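Notes follow the structure.
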Amino acid sequence: MKAAQFSEYGGPEVIQVVEADKPTPMENQVLVEVHDSSINPFDTSIRAGYMKEMIPLELPVTLGGDIAGEVIEIGSDVSGFAVGDKVYGQANVVAGNSGAFAQFSATKAEQVAIMPSNLDYLESASLPLVGASALQALTQHINLQPGQKIFIHGGGGGIGTIAIQIAKNIGAHIATTATGEQIELVKKLGADEVIDYKSADFSEVLSDYDAAFDTVGGEEFTKTFNILKSGGVAVSMIAEVDEAKASERGISAFRQQTHVTTKVLDELRVLVEAGVVTPQVDKVFSLDDIQAAFKAKEEGTVSGKIVLKIKD
């Protein structure tokens, strides 16, 4: 089968599309014929070696996490799935799976679910990590309630576009950052207030918010503390928490580790099928053009997700 692998850490140029052995599912896994996948910042972190001390890998490995495709084989301990099921979920090697950027992927059954009936493979492939991240942050860590005010930092990105839609459905007031073409997109998705981060500093504009969800990281996360009321909650996908500053401000702050599970994916499917969440796909590349796909992700301003078309 074709697979996009890397044998050394570095930029997009280290990714090579090679012929690899089709994986054999373990007893707790399903084998999926992958139709589409999508790129997440986590994939860049793994490929570039930013996490090699924390997550050592025996190279070469197949890159990628998000998948949508068809179940073609089932492990002996797996129940709840049948050959022919259309599924979406995660297949990342760091979770003990075989990787997503390939024609076939062996992944733990607990990390996939039946994909939304109103989406195709391409749209479904854009959702697993970003959808699970947004759901986990808003419903578990923040427990967002109707009428509360939430700041979503990076509203035009993959996670941000989904988080805005979920927060709007909950009934929250939403402020977000975006720029360029993203501004109209986030307004359409439900943002009440949009700050162009190239011309304004959100921390000088916003105040008295109940919650902040950060997808940008760095010092930007600590700056979100300043816009929260006492007792507020701040969650970051990237940044470490400055516990002293959080305590000083009287807020709770977390760095989130997203768990893509069948349960969460089922919850996401319900929202998609109800019309609450609509995938936001910006660009589509073939697997053979994966280097260009990563360059587009890392060098440009992406609105939503970049998807890889794996099966024609």
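The values are calculated or read from the model by the stated rules, or taken from the named source; none is laboratory data. This is a predicted model, so every value here is computed, not measured. When we count neighbours, we look across all protein chains shown, and the Cβ atoms used for this are built from the backbone with ideal geometry, even at glycine.
Computed values, structure above
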{"quantity": "Sole residue being more than 25 Å from ASP312 (Cα to Cα) and touching a residue at least 60 places away in the same chain (Cβ under 8 Å), chosen from GLU8, GLU53, GLU110, GLU13", "calculated": "GLU110"}
{"quantity": "Residues that are under 27 Å from ASP201 (Cβ atoms), in a loop (DSSP other than H, G, I, E, B) and among the small types (Gly, Ala, Ser), drawn from segment 122-156", "calculated": "GLY147, GLY154, GLY155, GLY156"}
{"quantity": "Qualifying positions in segment 80-106 - in a loop (DSSP other than H, G, I, E, B) and in contact (Cβ under 8 Å) with a residue 24 or more places away in the chain", "calculated": "GLY80, PHE81, ASP85, ALA91, ASN92, ASN97, SER98, GLY99, ALA100, PHE101, GLN103"}
{"quantity": "Residue list for segment 243-286, restricted to those being crowded, with 17+ Cβ neighbours inside 10 Å, part of a helix (DSSP H, G or I) and more than 20 Å from the chain's Cα centre (by Cα)", "calculated": "ALA246, ARG249"}
{"quantity": "Residue within segment 47-55 that is modelled with pLDDT of 95 or more and in a strand (DSSP E or B) present", "calculated": "no"}
{"quantity": "Test: residue in segment 131-152 that is touching a Pro at 6+ places or on another chain (Cβ under 9 Å) and buried (at least 19 other Cβ atoms within 10 Å of the Cβ)", "calculated": "yes"}
{"quantity": "Residue match in segment 236-253 (condition: in contact (Cβ under 8 Å) with a residue 60 or more places away in the chain, assigned by TED's automatic domain parsing to the domain that holds GLN136 and not β-branched (Val, Ile, Thr))", "calculated": "yes"}
{"quantity": "Criterion: part of a loop (DSSP other than H, G, I, E, B) and either of a type outside the set (A, V, I, L, M, F, W, C) or in the same structural domain as ALA292 (by TED's automatic domain parsing) (or both) - qualifying residue of GLU27, GLU73", "calculated": "GLU27"}
